[in-house]
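The values are calculated or read from the model by the stated rules, or taken from the named source; none is laboratory data. All values derive from a computational prediction rather than experimental measurement. Please note: Cβ atoms are built from the backbone with ideal geometry, for glycine as well, and neighbour counts cover all protein chains shown.
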Amino acid sequence: NKLKLTNVKAEDAGTYICVGYNGQARIEVPTVLVVTGVVPNFSQAPESYIAFPPLPDSYLKFNLEISFKPENYDGILLYNDESGRGINDFIALSLINGYPQFKFNLGSGPAVVRADKPLTLSEWHTIKIQRNRKEATMLVDGDSPYKVVAVGRRQGLDLKEPLYIGGLPNTANYNKIRKQFEVNTGFVGCISRLVLGEKQVDLIGDQTDSVGITSCETCAENPCNNGGVCQEAATKNGYTCLCRAGFSGKYCDYVGQSCYPGACGEGKCVDKDIGFDCYCPIGKTGLRCEHSVNIHNPAFHDDRAFLAYEKPSKAPRKLSLAMSFNPTDSGDGILMYGSQNDEGYGDFAALIIKDKHIEFRFDIGSGMATIRSPYAVPSGAWTYVTVNREYREAKLSVNGESFVETKSPGPSRTMILNTPLYIGGVDRRKITINKDVGVDRSFRGCISETIMHTTITTSATSTQPPTTLHDPCARNPCINGICQSSDVNDYSCTCEYGYVGRNCENVLKQCELLIPCRNGGSCTDLHGSYKCDCRFGYNGQNCEKSAEITYDVAFKGDGWLELDKSVMTHEEEREVLGLEISTNKSNGLIMWHGQTSNNLTPDDYIAVAVVDGYVEYQYNLGSGPAVIRVTAQRVDDGERHRIILKRQGSDGSIELNGEHTESGVSDGLQQTLNARGSVYLGGLPDYEMTYGRYHDGFSGCIYTLEVQDSGAIDIGEKAIKGVNVSPCTSDRTDRSPTRDDLG
C-alpha cells in the first residue's frame, strides 16, 4: 500500500510510520516529512506582493494580526481600499523608518496611529490591529496598545478591492496611492502569518494572485534540539519543531511526550515546556479526558478550569449576575470575567474574590470602578452573590445583605464585551486578564448556579435566587460521593474510592492510594500518575525486580551510584582513568569526585560529562578549573566510545576512541587533587555538589571503569548505595580500554 498526499500543506509535516508484517514479524519504519515553501519572502526586485479577497466582515469592526521579519526599515505590509484609487475608504499598515504605522479612512479623512519605537530588523514581530467603528487600536509585540479615533460622523468602512500583503501592484492607480503615503516601497522580508478575525489565512493556498514571491528559509539554522526537525510554519516566528518521541517544548528541549492525535480524546491537547496538558470539554474528565461525568455543580481545581458562554450579541446597557459558590480555599480567584478583547485592555467586567472579600470591578472606557463587600467569604461554605450594572452605576449584595453601590467615572455608555463570558477562570491559551482586575488566579471550588441577564445559563432550576437552604444536599455538594444531611444547615460526604475532602473534591494522590513502590523505593506523585525511585539492587516500574550490578551499569537520567572513595585515591603522581560509554542524550554527568555532600564549597574535584553532545573532562586543584572538551567527534549517537583521561599535576588530557586528543592545564600552582567525598557515577543526589556546573544526569551505559592499572572494576562490589540503576541490557563491549591504552 502507498500513501499519496496531494496538495501538501505545512500541517501535513510530521512523522509517518510504515508498518510491514509478513505473518511472523512486524516492523515499523518512521519517516519524517518536511514541507518547504510555506513562508513567503518579499524581495521587491522589482515588486513583490500577494493578493487576497477584500477583508471580510469589516464594515463596522475587524481584527487582524500579522507576523513578519523585516529586512528594511520602510515598506507597505498590508493595504485594502474601496476603489483601487486610495481616495475613499482604505486601511494601510506600513513601516516608516522602522516605526509601525496604521492608517485608515472611513470617508471623512484619514486617522493615523504610529508606534513610539522602531522595530529591530531581522527579528520576528507581530502586530495586531483591532477596529470598532471609529476607534482603532494597534498592538506591537504584545506591548501597550496605541489608539486613535477617526474624525467625522461616518462609522462604516467599505472595502471592495483586493487585500494586498507585502506590497502593491506596479500600476498607474496604485502608483498614485503610494504618493499619499510616507513610504512608497513594498515590504522587504518574510511574512509568516496572517489572521483575519478568527481565521488564519493560508498565505500560499488562499491567495488570488502573487508576484515576485520566493521562499523564506526560516529553518536555515535549525533551532530544534535533541534531534528535532525544523518545519517552516505559519507561526509567530516562522517555524515549528517536530520533536522526536520522548521530547517536547518549543525547541524540543524537554524530556516528555508532546501532543499527538487522540492524546486527549475529545479534549484539546496543548503542548507545554514539559509534556502536555489536556483541556477537557464539559462532561469529560481524567488525565486524558477519558472519563465521562455528569456535572451538576461544576468544580474548578486549577488555572485550566473554566466555563465559557457566548458573548452578548450587542454591547450591553445592563449586566445582571447572580451566583452561588463554595470555595475550597481562602485564596483569591476569578468568579466571572468578560472583556473588550483578548489582550487585557479596554472595557471589562469582573467578579472576583480578593483578600477574602467579594469585589465587582468594571470599566466602560472612562476608568475603573470597584465595589467591595464588607463581609469576608468563608471557605467550605456556600455564598450567594448578586451584581447589577446599568451604564455607570453598579451594586453588589452578598448573602442577601444590603446592596453596596458605586459609579464609574466619566460619561455613561454601553460596555463593549467581545470575549466570551467566563465563569470560574479564563481560557489562558487565549486570554490575558486586564491588569486592573487585580487577580490572576482562577477560582478553586464549586459553583452551583449562575444567572446572567435574568436567564439561567448553568444548572440552576429556578430564576429566583436561593435564600434558605432547607436541604443542604439539594445542591449536590459532594462532587465524587454521596451526600447525607446532618441537620438543616450541614451535611457530610461519603466519598468514592480515590477521593477525599469535605466535598470529595480532591483526588487522593496515587502514592497514598496505591503504595506502589516495593523494596524500599520512594514514590513521587505526578499529574494523575506516580514514579518510583528504586534503591540500589532493584529496578522496574514498581522496584519489583532484582538488579545485579557487576562491571557495567545503566542510567536513565534520574539515577546515580555512589562508590567508596577508595576507588580513586589521587595519590599517584600520574593519574589515569578509563571508561567506555554509550548515550543518545546531549547532556549528562558521567562521573563526579569532589567533596562530601555536606560541604558545598567549590574545592577540589574531578568530573567527566557529556556537554552539548561532546565529552568533557574537568578538574580543579583548588585555584581554578581546567575544562577540556573533545569537539572533533560527538558521543550522543548511541554508539560505544572509549575515553582515556590522564592527569599529571596541573596538566591533563582526554583521548576519545584512540583518535582524538585534547589537553589542558588548571589554574594556579597546586599539583595535587584533594577530593574527600565519595565517587559518583551517572549523576548526583544533589547537583549543588557541582557548584552549578552540571544539572543533568547521565542517560546511557557505562560499560567499563578502570583506574590506574586496576583492570575492569566490579562497580557493584564498590557501590555504597544508589538510585535508579540497572545493568546494561546489551552485551558488554567488544573492546574495552586496555592497560596499554591507560599507559
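Points to keep in mind about this one:
- Of all residues making up region 138-158, the number that are in a loop (DSSP other than H, G, I, E, B), touching a residue at least 24 places away in the same chain (Cβ under 8 Å), surrounded by fewer than 20 Cβ atoms within 10 Å (Cβ to Cβ) and of a type outside the set (Lys, Arg): 8
- Qualifying residue in region 373-382 (condition: at pLDDT 90 or above, on the phi < 0 side of the Ramachandran plot and surrounded by 15 or more Cβ atoms within 10 Å (Cβ to Cβ)): yes
- Scope region 170-183; condition surrounded by fewer than 16 Cβ atoms within 10 Å (Cβ to Cβ), in contact (Cβ under 8 Å) with a residue 12 or more places away in the chain and part of a loop (DSSP other than H, G, I, E, B); matching residues: ASN170, GLN180, GLU182
- Lone qualifier among VAL627, VAL610 - being of a type in the set (A, V, I, L, M, F, W, C), surrounded by 21 or more Cβ atoms within 10 Å (Cβ to Cβ) and either without any contact (Cβ under 8 Å) to a residue 40 or more places away in the chain or touching a strand residue (DSSP E or B) at 6+ places or on another chain (Cβ under 7 Å) (or both): VAL610
- Among the residues of region 407-432, those identified as surrounded by fewer than 22 Cβ atoms within 10 Å (Cβ to Cβ) and within 17 Å of GLY333 (Cα to Cα) are ASP427, ARG428, ILE431, THR432.
- Filtering GLU290, GLU393 for residues that are farther than 22 Å from SER408 by Cα and either at pLDDT 90 or above or charged (D, E, K, R) (or both) leaves a single hit, GLU290.
- For region 224-244, the set of residues classified as farther than 25 Å from ARG193 by Cβ and without any contact (Cβ under 8 Å) to a residue 40 or more places away in the chain consists of GLY227, ARG244, listed by residue number.
- Qualifying residue in region 257-265 (condition: modelled with pLDDT of 80 or more, within 25 Å of THR126 (Cα to Cα) and either not small (Gly, Ala, Ser) or not in a strand (DSSP E or B) (or both)): no
- Meets criteria (within 18 Å of ALA607 (Cα to Cα), modelled with pLDDT under 90 and out of contact with any strand residue (DSSP E or B) (no Cβ under 8 Å at 6 or more places or on another chain)) for GLY692: yes
- Counted residues, region 512-532 - those being under 29 Å from the mean Cα position of the chain (by Cα) and among the hydrophobic types (A, V, I, L, M, F, W, C): 3
- Condition check for GLN708: in contact with a Leu (Cβ under 6 Å, 6 or more places away or on another chain), surrounded by fewer than 19 Cβ atoms within 10 Å (Cβ to Cβ) and either touching a residue at least 60 places away in the same chain (Cβ under 8 Å) or assigned by the TED database to the domain that holds ARG629 (or both): no
- Residue match in region 117-137 (condition: in contact with a strand residue (DSSP E or B) (Cβ under 8 Å, 6 or more places away or on another chain), farther than 26 Å from THR419 by Cβ and not in a loop (DSSP other than H, G, I, E, B)): no
- Tabulated pairs, region 284-303, first under 15 Å from CYS504 (Cβ atoms), second modelled with pLDDT under 80 and acidic (Asp, Glu), C-beta under 6 angstrom, 6+ apart or interchain: ALA299/GLU505
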